[in-house]
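None of the figures in this text is laboratory data; all of them are computed from the coordinates on show. What you are looking at is a predicted structure, and each value in this text was computed from that prediction instead of being measured. Positions of Cβ are backbone-derived with ideal geometry, glycine not excepted, and every protein chain shown enters the neighbour counts.
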């Protein structure tokens, strides 16, 4: 397995992984154009995992100089529970540390809570709230 930076050519396959994992509710935030914007943002980290040249996972995080936040982790179902998510998490943590982060938070679903706890994350009393902007 190899972890590397996201490339535009990864987008179509990543969308399929997101869809099968039920993580593609907001295409304007999770779709190819968003993936490209994230990859171009100096505060963001966008990494993919590949096995035998096939993209099997994706992680997206940001560090704003004070706080680091993992926004998304997805792994193709056939490769789940095989260390792909852990490898992506380790790689993004290395990059966040290089940038000066002293820790990271993550947005999670209830279904993924136990995974993140196994990865060393602790629950904090916080709520994720969303306000979508009207299109101009």
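Structure summary
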| item | result |
| --- | --- |
| Length-normalised contact order for the stretch 2-118 - Cα pairs under 8 Å, 6+ apart - percent | 23 percent |
| Value of [θ]222 nm, deg cm²/dmol, for the chain, DSSP H segments ≥ 4, -39500 (n - 2.57) each, nearest 500 | -9000 deg cm²/dmol |
| Fluctuation leader among 58, 26, 79 - the chain, Gaussian network, Cα springs under 10 angstrom | 26 |
| Inter-label distance for residue 102 and residue 66, nm, one decimal - labels placed 7 Å from Cα along Cα-to-Cβ | 1.3 nm |
| Three semi-axes of the equivalent ellipsoid, the stretch 81-136, Cα gyration tensor, whole Å, largest first | 24, 17, 13 |
| Equivalent-ellipsoid semi-axes of the stretch 8-127, from the Cα gyration tensor, Å, largest first | 21, 17, 15 |
